[in-house]
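This is the structure I have questions about; it appears just below.
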């Protein structure tokens, strides 16, 4: 029988603190700007949309921030997550590379988003918040926050990008199962939404537009707060449980990673994976970090590094990041969670400093990679995660051609069980995508 390597940590090995990479960076991050005055933003002003504890985490430079016991208790439902060697994929590719993937798809809602949703719901509830608004692209974040909201007794209102709202009804059902409410964005219930719909009532929407609607609700209220699933520093902080666990699991295997990859939209999954390893690279260890993004929404690959709004209407603080411009409306690709005009400021700066390398992938290549992974490894990946798989396959083939024993690690950020309509659509438009032999090179 073929040997299968799966590293499961006991629950006692759950990280007890989140890791804050800003403590170890050789540069200072650029501060956010007030959206109205364009001056450096006073952190106190951010409490208009976030609870105080989240604002403190956003600006903190403390190396480790303790995870509260109630959050650890909820993490224990699905963490630590396994690190699995993709031996069947290696065999198919005939590569000398060793490929490992960190599987986040066993979380309650099927993706890594639950890591920060639980934390944000806890900190909001601790300060007496009873209602949160948010946006979601493909629905993973909206599902995760709805789940976390139910756990901590918070009502969650989700603005879902219209294209995904219409094509991913099962995500809506999941949000509602956890008492979340969900509506298409842009919509008629906010001024921002009505403005976006003026010229086209069937506008497909974008994450930037959905953020505008969610933030507008909070700015017009005294008792609601906003919750964000990616981009900002505190979100990436919460996701470092992924990379911290990977470190322990690789130590057990006595492996040193050559490449670490993750799909990239706003940066939460990718950041959570690579940030705990950045200090090692800065100290001279040979590791390459590859941010895998869609060819049709290449914020890191083709964007400008400058200050921009996080939303389309210009309501959020301005942050310095790689951006395609807040007016950018991405094509209606199937990887809806990666359709964002900007990128996390931390990841953007790491790209600027050439510590992280961005790479973009056409949709056909990513779906072919996803189907191959499902066929060989037995897990249907989320379309977003398939970008990381495609990146790993490129490097595994390169290792074969160079006859190098590389160690490739990527995070499989979620399962694709609620994305089968996307797979069906892409297969019906191009049946040759099922012909996997060509992937061998």
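Nearest 10 degrees, 0 to 90: what angle lies between the long axis of helix 420-429 and the longest principal axis of the chain (Cα atoms)?
That works out to roughly 70 degrees.
Give the percent of DSSP beta bridges with both residues in segment 258-333 that are antiparallel, rounded to the nearest 5.
Values: 6 of 11 bridges.
The antiparallel proportion sits near 55 percent.
Given springs between every Cα pair under 10 Å in a Gaussian network model of the chain, which of 247, 295, 428 has the largest fluctuation?
428
When only C-alpha pairs under 8 Å and at least 6 residues apart count, what is the relative contact order of segment 286-402, in percent?
Relative CO of segment 286-402 lands at 28 percent.
Okay, next question. Want the number for residue 199 to residue 248: 0.36 nm per residue separation, take away the alpha-carbon distance, what's left?
Contour length minus Cα-Cα distance gives 12.4 nm.
Give the angle, between 0 and 90 degrees and rounded to the nearest 10, that separates the Cα long axis of helix 140-152 from the longest principal axis of the Cα atoms of the chain.
Its long axis makes an angle of about 60 degrees.
Given the peptides 208-221, 74-87, arrange them by the average over their residues of other C-beta atoms within 10 Å, most packed first. Don't jump to the answer; show the numbers that get you there.
Working: 208-221: 23.4, 74-87: 19.6.
Ranking, from highest mean packing down: 208-221, 74-87.
In whole Å, how far is the Cα centre of segment 388-429 from that of segment 109-188?
Segment 388-429 and segment 109-188 have Cα centres separated by 27 Å.
Using the C-alpha atoms of segment 278-364, what convex hull volume per residue, in cubic angstrom, is computed? It would help to have the intermediate numbers written out before the result.
Details: hull volume 8.3 nm³, N = 87.
About 96 Å³ per residue, rounded to a whole number.
Using helices alone, I'd like the mean residue ellipticity at 222 nm for the chain: each DSSP H run of four-plus residues gives -39500 (n - 2.57), total over residue count, nearest 500.
Only helices count here, giving -12000 deg cm²/dmol.
Contact order normalised by length for segment 1-102, with contacts defined as Cα pairs under 8 Å and 6 or more residues apart; what percent is it?
With pairs under 8 Å counted, the relative contact order is 38 percent.
For a quick check, take a GNM of the chain with Cα springs below 10 Å and name the residue from 152, 27, 123 with the largest mean-square fluctuation.
Among 152, 27, 123, the largest mean-square fluctuation in the Gaussian network model of the chain belongs to 27.
Report the relative contact order of the chain, percent, no decimals, based on alpha-carbon pairs under 8 angstrom and at least 6 residues apart. Can you show the working numbers first?
Working: 979 pairs, mean separation 85.1, N = 441.
Relative contact order here is 19 percent.
Out of 203, 322, 103, any idea which swings most in a Gaussian network model of the chain, alpha carbons joined below 10 Å?
Checking each option, the largest mean-square fluctuation is seen for 203.
Rounding to the nearest 10 and keeping the result within 0 to 90°, find how far the Cα-based axis of helix 233-253 lies from the longest principal axis of the chain.
Long axis of 233-253 versus the principal axis of the chain: about 20 degrees.
Every number in this text was worked out from the coordinates using simple rules, so none of it is lab data. Bear in mind that the values here come from a model prediction, so they are computed numbers and not experimental data. Cβ coordinates were reconstructed from backbone atoms using ideal geometry, including for glycine residues, and neighbour counts include every protein chain displayed.
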